[in-house]
Amino acid sequence: MISVPVHVQLLLASILFLIGLVGVLIRRNVIFMLMSVEIMLNAAGLVFIIGGAHWHQADGQAMVIFILAMAAAEVAVGLALILQVFHLHKTVDVDCLEELKDTQS
Amino acid sequence: MNTVIHIIMIILILLVLLTIAAGLIYVERRMLAVWQDRYGPNRTGPFGLLQVLADMVKIFFKEDWIPPFVDKKVFIIAPTIVMMAVLMSFAIIPFTPKIGVVDLNIGVLFFLAMSSMGAYSVVLAGWASNNKYALLGGIRGAAQMISYEVFMGLSLMGVVILAGSFNLRDIVEAQRKIWFFIPQIVGFVIFFLAGLAETHRLPFDIPEAESELIAGYHAEYSGMKFGMFFVGEYLGISLISALVTTLYFGGWLGPHFLPPIVWFLIKMFAFILLFILIRATLPRPRYDQLMSLGWKLLLPLSLLNLLVTGAVVLYGHL
Amino acid sequence: MNLVFYIAALVAIFATLRAVLHKHAVHALLYLIVSLLSVAVIFFILGAPFLAALEVIIYAGAIMVLFVFVVMMLNRGEAAVQQEKEWFRFRTWAWPSVLVLILFVEWVYMLWRGSAQQSFAGVTQGPIQPQQVGELLFTQYLLGVEMAAMMLMAGIIGAYHIGKQKQKSYHRYLEEKSDQISISENKTQEVI
Amino acid sequence: MDVMHFLWLVPAFPLAGFLLLALLGLRLPARAIAWIGTVSIGLAALVTLWIGLDFLQQPPAAGHYRQVLWTWFNINGFAPAIALYLDPLSLVYIFVITFVSFFIHLYSTAFMRGDEGYPRFFAYMNLFVFSMVTLVLADNLLLLYLGWEGVGLCSFLLIGFWYRDEANGYAARKAFIVTRIGDTAFIIGLFLLVKQFHTLDIQDILSQAPQVWAIGAAGAFWVSLLLLGGAVGKSAQLPLQTWLPDAMAGPTPVSALIHAATMVTAGVYLIARMHVLYSLSPTMQLVVAIIGVLTLLIAGFSALAQRDLKRILAYSTISQIGYMFLALGVGAWTAAVFHFMIHAFFKALLFLGAGAVIMAMEEEHDIFKMGGLRKKMPITFWTFLAGSAALAAVPIITAGFYSKDLILFDALASTQGSTWLWLGGFIGAFITVLYTFRMVFVTFYGEQKKVIAHDPERETAMMIPLMVLGVLSIIGGWIELPHAWAHFTPFSHFLESCLPATQLKAGVESWELWLQLLTAIMVIVGIYWSWLAYVKRPALAYQLKQTAWGRALYPFFYKGWMFDQLYDTLLVKPVVWLSRIDRHDFIDYIYEGFGQLNIGINKVFSRTQNGYLRWYLLCVVGGVLIIFSLILFV
């Protein structure tokens, strides 16, 4: 197959992960935040695949299947929440959703 | 050297497929006419055979107009997705033991992946057109396609269990004893229905229903972009027919007096004709009827089929 | 094949960056789909064809369609792009970016130090077949599969319940009737 | 099919009854509650009877039957099992427990009718029976301890059953805390045993102990002392006897079942069960005997001065258990168990009769405000008289005579016995006669001072237990006749396989008849005196009270030899005083400082909870960054 060094492969995964992280941190639109979370999940899956390929074991792939299932469930609930939030607040701005703050400060 | 032959084969298959798809425009119109007791195109050339050429010329030279209110990039990308997805899917079809683009281990999954990509063309075309009919069509199309994809995949798994492989060549080889449409008759019916919905052919052409959505998601398209949707649909029909042939009807297998490729094409054309026959005969269901048929009947049925198949195979192993 | 890996990696990085930074939701989603497809290619190259297919079918094919759906349903138009531009200020992205950059530097340092200490060869063995993954899933990780199934069920029910909007009847008569029903329900709950 | 396999049903039925009542009790009608509560015990009693008959017909080869249900836990090879162990000793106990409980439950269905805590009462009672049966059937000391604490809990719950009255809650807490002192000693003893034998299996310990310890060894001394502490607490013996009179705050059936018939004799059971340890430590055995004698005297004198019907019975219970301890102390194991059985019959009977009287008198406890009930309540009177006669050990015709006489004889004639012990027991017996018949005469003779509001004799459910137990109090003793009369001793013969026979001094056989004669005279004299003082010439008792001795001793006895006051002065007051002067001690400031610190930190950190999701995420990233930096560069 390929002979790319493992640390280069991991570098790709970490770059993808960090891009996702940046996305979560800098976007105020909830949909974009959810997308960025998906990017991060995907990058984590990539690490599993790299590990599985490195040691030539199927466990990594099994883990990624779990990640897929988890992502599917999470996105379903998350998008339903976004719809409901949009329905109530007429906005997708995450900074408007700050009712859960400590009132004393 | 090998690579060169490979590339030549890919180009040849592409050409043949596009020709067939274009030819199907003529075939469909003629056959519809036969079944509806009229003539169909018969002016251009003998039996109207040159009608295909005329249509092609028309499509190519029509003004390729992009409405000003659309989202330009997405509007352009959308029709190419469907073409790309369908043509990519053909890569895994083993026409004969020798002819075929790639011998992929996960062939069936690759087909499913590509068909799920196909959903985007409908959604994006509908959304990019910035037109409420188109958007409705797009939403309908997306819901229909991702719903039917579920049990399309599930119904295929019966075949996969019986053959023990995702590889289409292995599946064909596994049918030397018996064609899978006999043990997998339920799976075959479900797959065929799902194929109809996947290609949004009549009677499941709800995303583009002329009578209610004025052509739905491709209402704003014209020229070659429309041509891509148009040809893409015929390619889709061919793809489903080829897959049904491969998965359930023994692919190239057949008595030796004809070469394998001929057997394959005969079976494939039979199913294409079946598609056209269904279009000619059945009325369009309502949208909610389509969805409840899928989720409430086909999904449990395909799960049951999968369960029974798995149990039988397991029992056989024991 | 190494070349394919690098190309796919570059495409993935570029598309992901565009997806994260794009102002337009649908375009960003398209970039994200491209990114997922190229990750799928990388999966394939790394000897995980099964997961590559699943990545396309589930991630790119199903999950992203849900996103597109929601974006289409919200349908916020050109004003949304303006708003995104407004939100996207130096003040917003400077600090997070610096932090993440530091994190990145640390990770790179860690990866390189690790690779210097220990020579990791690239992948040379053949791909792992779907059969192996399936056997593993239904033997060693059976409990995990069951739990994933339960989680999906919970996700479906939760999504249905959360996403369900209250039926709004526009007919005066029907509305009154539904009010009455809700009052009587409250009463019965009090009695109980 | 072996009948013994159904042994687990004996604890299972009461447990099932408890669970049903605890979960559904509030939703069920009173009749169903009564049925569940009583029938579950009745079934347990029937299973016991069935097993007992089988045991008598074909005794198991080893003399006992062991049923392992499951392993409780396993830590480093220390694996106590949930196992039931049935031998003659435990058979006698579960027989008495289940049957007496059944009759008391039956009685309670009528006695407690209309009480708002009806389901709660039966739930607790069933839980008690379950715990008691577990205690008795336990195969190892840890399971025994579980049952031990279970009965303690039920005792606490039932003493404070009418918890709205503060005094009842106080009595419940007192009982709980005082018995807890003994239980603490008990569990320390268990620790010692585990350290020595690495097991808590009773039979293992009993078989290994003689090999490990010589007679008089320090280990045996300490273990038996600590176990005695537990037994003393549970059985209300000196010096932990103060809780039992107050425990009469609970409903009368509870006093009958828990504080007379069964739970308080758990200490006797424990010592009889671990008799090998006491045989190895003669000093401790002597201590047991002395405790028994002292207790029976102290409690007897206290009973003489009480006015509350139930408190008389409570002190009498303490005194009778003192007899059992005396028997244990002189090595008359079977005599102790025999007296336990007979005592369970007549004391339960007396309490139930007292309950009927109190019910008729509208919650009046003072015997001097009753009187003349003989004609109005004939069944109660005659059964109560039978029970009193058994308590006073009226010769030949009552069961109490056979058991108490055996103890007195053994106190003198056993190798560990002595004249002093016998004399104590004898005086105690005389006092017993006095206070018993004082109670009977004052309550049932004389003129009637109060009208009967609610006649309990109409309640069949209350009268049947009285009659059955009355009959048992009379005939129960005939299964063990004195040696001097005949060699008919099936009871001690039955117990022989698990309890050694009493070692008698040489040439004492002939004394027995003389002793019996002495006892008989003493009883008759005692009855005559009581009759004289409380029926013939009531002024006599009053005059006696007015003498210098009477004025000094009467309040002293009335307050139970001032033990409560003594403990109050010695223990409670100093602790209260210490805690009062040390109310704001420096340790509190440390904790308050922690509290203040927390509040301050909370003020600082609650500013970070500003509701902005992205801010939280940024903090997470910052944290991750710090952790990575630490991993990489430190």
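Inside segment C:14-68, can you point out the residues that are more than 7 Å from every other protein chain (Cβ to nearest Cβ) and at positive phi?
none
Does segment C:99-117 contain at least one residue that is of a type in the set (Ser, Thr, Tyr), modelled with pLDDT of 80 or more and outside the structural domain of C:Val41 (by TED's automatic domain parsing)?
no
Residues that are over 29 Å from B:Arg140 (Cα atoms), at least 1 per element: which helices (runs of 4 or more DSSP H) completely within segment C:10-90 meet that? Write out each step before concluding.
Working: elements: C:25-45, C:49-54, C:64-74, C:77-87.
Correct list: C:25-45, C:49-54, C:77-87.
For segment A:68-105: of the residues being in contact with a strand residue (DSSP E or B) (Cβ under 9 Å, 6 or more places away or on another chain) and among the aliphatic types (A, V, I, L, M), which is farthest from the other protein chains (Cβ to nearest Cβ)? Quick ask: steps written out before the conclusion?
The initial filter retains those residues of segment A:68-105 that are in contact with a strand residue (DSSP E or B) (Cβ under 9 Å, 6 or more places away or on another chain), namely A:92-94.
Now restrict to residues that are among the aliphatic types (A, V, I, L, M): A:92, A:94.
On the way: A:Val92: 7, A:Val94: 5 Å.
Filtering first and then ranking leaves A:Val92.
Give D:Ala62, D:Ala32 a once-over and let me know the one that is surrounded by fewer than 23 Cβ atoms within 10 Å (Cβ to Cβ), modelled with pLDDT of 85 or more and at negative phi.
Every option except D:Ala32 fails the conditions.
For segment B:157-196, enumerate the residues that are touching a Gly at 6+ places or on another chain (Cβ under 7 Å) and closer than 28 Å to C:Leu51 by Cα.
Within segment B:157-196, B:Gly158, B:Val159, B:Ile161, B:Phe166, B:Asn167, B:Leu168, B:Val172, B:Gln175, B:Gln184, B:Gly187 meet the criteria.
With the requirement that a residue be surrounded by fewer than 13 Cβ atoms within 10 Å (Cβ to Cβ) and either closer than 30 Å to D:Phe444 by Cα or touching a Ser or Thr at 6+ places or on another chain (Cβ under 9 Å) (or both), what does segment D:500-524 give you?
Passing the criteria: D:Leu517, D:Ile521.
If you take just the helices (runs of 4 or more DSSP H) that sit entirely in segment D:506-594, which of them hold at least 1 residues that are within 30 Å of D:Ser418 (Cβ to Cβ), among the acidic types (Asp, Glu) and within 34 Å of the chain's Cα centre (by Cα)?
Counting at least 1 such residues, we get D:511-531.
In segment B:275-292, what residues are surrounded by 12 or more Cβ atoms within 10 Å (Cβ to Cβ) and without any contact (Cβ under 8 Å) to a residue 12 or more places away in the chain?
B:Ser292
Based on what the data block shows, is D:Asp410 crowded, with 23+ Cβ neighbours inside 10 Å and of a type in the set (D, E, K, R)?
Considered against the rule, which asks whether it is crowded, with 23+ Cβ neighbours inside 10 Å and of a type in the set (D, E, K, R), D:Asp410 comes out as yes.
Please go through segment A:11-30 and give me each residue that is more than 7 Å from chain C (Cβ to nearest Cβ) and within 18 Å of A:Ile82 (Cα to Cα), ordered by number.
A:Val24, A:Arg27, A:Val30, listed by residue number.
Restricting the search to segment A:54-67, which residues are at pLDDT 85 or above, assigned to a helix (DSSP H, G or I) and either within 7 Å of chain C (Cβ to nearest Cβ) or on the phi > 0 side of the Ramachandran plot (or both)?
Within segment A:54-67, A:Asp59, A:Gln61, A:Ala62, A:Val64, A:Ile65, A:Phe66 qualify.
So which residues in segment D:609-628 are over 60 Å from the mean Cα position of the chain (by Cα) and assigned to a loop (DSSP other than H, G, I, E, B), if there are any at all?
Just the residues of segment D:609-628 that are over 60 Å from the mean Cα position of the chain (by Cα), to begin with: D:610-628.
Selection gives D:Asn610, D:Gly611, D:Tyr612.
Take the conditions on the phi < 0 side of the Ramachandran plot, in the same structural domain as D:Ile342 (by TED's automatic domain parsing) and basic (Lys, Arg) and apply them to D:Arg307. Does it pass?
yes
Would you tally the residues in segment D:400-446 being under 23 Å from D:Phe381 (Cβ atoms) and among the small types (Gly, Ala, Ser)?
Adding up the residues that qualify gives 2.
Only one of D:Thr415, D:Thr419, D:Thr383 is of a type in the set (S, T, N, Q), assigned by TED's automatic domain parsing to the domain that holds D:Lys347 and either surrounded by 24 or more Cβ atoms within 10 Å (Cβ to Cβ) or closer than 13 Å to D:Phe346 by Cβ (or both); which?
D:Thr383
Conditions first: (1) under 23 Å from the mean Cα position of the chain (by Cα); (2) without any contact (Cβ under 8 Å) to a residue 24 or more places away in the chain. D:Ile94 passes all but one, so which condition is the exception?
The single condition D:Ile94 does not satisfy is (2).
Read through the list (1) surrounded by fewer than 24 Cβ atoms within 10 Å (Cβ to Cβ); (2) at pLDDT 90 or above; (3) over 30 Å from D:Ile358 (Cβ atoms), then give the number of the only condition that D:Ile298 fails.
Among (1) surrounded by fewer than 24 Cβ atoms within 10 Å (Cβ to Cβ); (2) at pLDDT 90 or above; (3) over 30 Å from D:Ile358 (Cβ atoms), D:Ile298 violates only (3).
Between a residue in segment B:18-34 that is over 11 Å from B:Phe269 (Cβ atoms) and small (Gly, Ala, Ser) and any residue that is at pLDDT 85 or above and surrounded by 17 or more Cβ atoms within 10 Å (Cβ to Cβ), which pairs come within a Cβ distance under 6 Å, given they are 6 or more apart or on different chains?
Sorted first by the residue in segment B:18-34, then by its partner, the pairs are B:Ala21/B:Tyr234; B:Ala21/B:Leu235.
Can you tell me which residues in segment B:166-182 are more than 18 Å from B:Phe151 (Cα to Cα) and in contact (Cβ under 8 Å) with a residue 24 or more places away in the chain?
Scanning segment B:166-182 gives B:Asn167, B:Leu168, B:Arg169, B:Ile171, B:Val172, B:Gln175, B:Arg176, B:Trp179.
Taking segment D:363-388 as the search range and keeping residues that are part of a loop (DSSP other than H, G, I, E, B) and under 21 Å from D:Leu106 (Cα atoms), which one is modelled with the highest pLDDT? Steps first, please.
First, the residues of segment D:363-388 that are part of a loop (DSSP other than H, G, I, E, B): D:363-365, D:370-377.
Narrowing the set further to residues that are under 21 Å from D:Leu106 (Cα atoms) leaves D:363, D:377.
On the way: D:Glu363: 81, D:Met377: 85.
The extreme case among them is D:Met377.
The values are calculated or read from the model by the stated rules, or taken from the named source; none is laboratory data. As the structure is a computational prediction, the values presented were derived from the model and not from experiment. No Cβ is skipped: glycine too gets one built from the backbone with ideal geometry, and neighbour counts run over all protein chains shown.
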